[in-house]
Amino acid sequence: MSYFRKIMRFARPYYKFAGMNIFFNILYAIFNVLSVLTFIPVLGILFGREEKVTEKPVFQGITGVYDYVQDSLNYYVSDMMETGGIEKALIFICLISFSMFFFKNLFRYLALFVMTFLLTGVVKDLRDSLYSKIISLPISYYSEKRKGDTMARISNDVQEIENSFLNTLEALFSEPLTITFTLISMFAISAKLTFFAFILLPVSGIIISSVSKRLKAKSLLAQQETGTFLSFVDETLTGLKVIKSFTAESKMYNRFRESTLRLRKLMNSVMNRKNLASPMSEFLGSATIISILFYGGRIVLLGEDEMKPQEFLGYIGLFYLILNPAKAISKAIFSIQKGNASAERIVSVLEAENPIQDAPQAIEKEGFEKEIELKNISFKYQDEYVIKNLSLRIPKGQSVALVGQSGSGKSTLANLIPRFYDVNEGEILLDGVNLKEIKLESLRELMGLVTQESILFNDSVKNNITLGVDHATDDEIEDAARIANAHEFIEDLPQKYESNIGDSGNLLSGGQRQRLSIARAVLKNPPIMILDEATSALDTESEQLVQQALEKMMENRTSVVIAHRLSTIQKADRIVVVHKGEIVEQGKHAELLEKKGAYHKLVTMQALD
């Protein structure tokens, strides 16, 4: 239930709808009980056991409300029977009953109507909060997590919350009210019989509770397996070309079937336990009714109580009013146990700690003036350090190329500068200020990033280019595209800058996608540019166009370039050779070749083209 309470925090902005729902449910519960009580005089008329009341009753206080209502009805019925006969009295009772049922259902609808606004509001805010948390968490959080599992949390798990938690709120609000007013009426008719019913009801509750506890564990496993197979689908769609080229369709299909088979077995267990709720509660309710019929019938027949036969039948009707709410509450308990598993998965994301946050006294950095300094930094992803006591200065306006074999730590350095990760030891300074003392947003505003894999979105060319800026004119967008050598191919698209580029930009070639990424960075116009293998995945022709675009973009900018290809880095102001997380050489292209050291070895081994 702790997760249930945590999810219910999202209902706070909508408490007014909860209050209105409770108000309408109180009226519904009152008219629900009255719809049964008004039949008691009818039963008396039918059985010839009606009480003739000749004097108008006087209200004696809240404790005598039941007698007052019954005596008032009997008074009007008696008066009508005297003046118009039994038929007129029967019509009057039927009209009263009709009115009770009308208002009962009217208030039931109004209660559900206002509840809708609470439900949809909570679901919206929950999804918004989840998405906000997902994009705020550091990249390291997702290093060992499946994308499909995260997708399952914001889709399937939130849907489960809506079905299991929020749709049960109505039951938790309305049904206890119905039970309360019904029990009050039952006590008024016969306290002795109601105490007997109270002995039986807890037994049913204990049985239902013992079954529902087992539901949560199975539900949690089912939600985890849902995340697994969604992740599998995501990986399949991403790597479909590889799967087909290696004729691995059947192998992948078999792996997928194993996941869906596990999910089916778990869902069978979950659904069967959930389906048990209604018949089990109905059976227990029926057993209770039969016990009450026996005990109550004995009271009436032996005259052990003042309860009249028509009141006993009304009492049975009232007890039936309790059965449906009791069943609804038992189903709600089952649903909450099932939804608790999803709530746990959602809360684990919402409450995940973000180690990369603004320090309490973090400052806004308006511009870049002097240099970036990596000062005795060490960093590890898990146990082994991938950067070891490394120091490097990057003056403003210089282009610095990082080269080295795969796994040497080049890309890690590029990830540390925009603070995607924090160093374990040492510090990175921007104009003498530790990155941890600069607000993240203002730090990243100073930097542009172009990666090996062009990250584009299923949107228009224009919206992809303007991702990093809030306002840009068409001329500014076009200028950025021209610098990136992208304007020409964009003009050939059916709707030019308004053309949709498909999922991940798959309607464009690799070179076109990369040039769009560069245009995006150019439009942002940051003083610091980080290029991580920006041309390594391109063919020769595309590389030439992209390289021209990169050179234009890097003019008068501080650039950190990571590349294998010689053409990309030979014009750099300084080349830094990294090996196993340490700097082994640095200098200009010609100087390093003359040394015939690590850089010369990389070139001659054709690690660089």
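The values are calculated or read from the model by the stated rules, or taken from the named source; none is laboratory data. All values reported here derive from a predicted model rather than from experimental measurement. Neighbour counts are summed over all protein chains in view; Cβ atoms, including those assigned to glycine, are modelled from backbone coordinates with ideal geometry.
Observations on the structure shown:
- Criterion violated by S406 - all others in (1) of a type in the set (S, T, Y); (2) in contact (Cβ under 8 Å) with a residue 40 or more places away in the chain; (3) surrounded by fewer than 16 Cβ atoms within 10 Å (Cβ to Cβ) satisfied: (2)
- Helices (runs of 4 or more DSSP H) contained entirely in segment 450-522, each with at least 3 residues that are surrounded by fewer than 20 Cβ atoms within 10 Å (Cβ to Cβ): 474-483, 487-491
- Residues that are exposed (fewer than 11 other Cβ atoms within 10 Å of the Cβ) and more than 21 Å from G432 (Cβ to Cβ) within segment 356-393 comprise Q382, D383, E384, listed in sequence order.
Conditions (1) within 27 Å of E551 (Cα to Cα); (2) of a type outside the set (F, W, Y); (3) not in a loop (DSSP other than H, G, I, E, B), marked per residue:
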site: K375; (1), (2), (3): no, yes, yes
site: V386; (1), (2), (3): no, yes, yes
site: A401; (1), (2), (3): yes, yes, yes
site: G407; (1), (2), (3): yes, yes, no
site: I428; (1), (2), (3): yes, yes, yes
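- Filter result for K462 (in contact with an Asp or Glu (Cβ under 9 Å, 6 or more places away or on another chain), assigned by TED's automatic domain parsing to the domain that holds Q514 and of a type in the set (K, R)): yes
- Contacts under 8 angstrom Cβ, first residue in segment 245-263 being more than 18 Å from A152 (Cβ to Cβ) and charged (D, E, K, R), partner surrounded by 11 or more Cβ atoms within 10 Å (Cβ to Cβ) and at pLDDT 70 or above, 6 or more apart: none
- Checklist (1) modelled with pLDDT of 70 or more; (2) surrounded by fewer than 23 Cβ atoms within 10 Å (Cβ to Cβ) applied to A537, failing item: (1)
- Scanning segment 417-428 turns up one or more residues that are touching a strand residue (DSSP E or B) at 6+ places or on another chain (Cβ under 9 Å), among the β-branched types (V, I, T) and free of Cβ contacts under 8 Å to residues at least 60 places away in the same chain.
Yes/no matrix, rows are residues, columns are (1) more than 28 Å from P176 (Cβ to Cβ); (2) at pLDDT 70 or above; (3) surrounded by 12 or more Cβ atoms within 10 Å (Cβ to Cβ):
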position: L230; (1), (2), (3): yes, no, yes
position: A248; (1), (2), (3): yes, no, yes
position: A287; (1), (2), (3): no, yes, yes
position: I292; (1), (2), (3): no, yes, yes
position: F312; (1), (2), (3): no, no, yes
position: I333; (1), (2), (3): no, yes, yes
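- The combined condition, being within 24 Å of R520 (Cα to Cα) and not in a helix (DSSP H, G or I), is fulfilled by P418.
- Of the listed requirements (1) at pLDDT 80 or above; (2) closer than 30 Å to L390 by Cα, L508 misses just one: (2).
- For segment 576-593, filtering for residues that are out of contact with any helix residue (DSSP H, G or I) (no Cβ under 7 Å at 6 or more places or on another chain), among the aliphatic types (A, V, I, L, M) and part of a helix (DSSP H, G or I) leaves 1.
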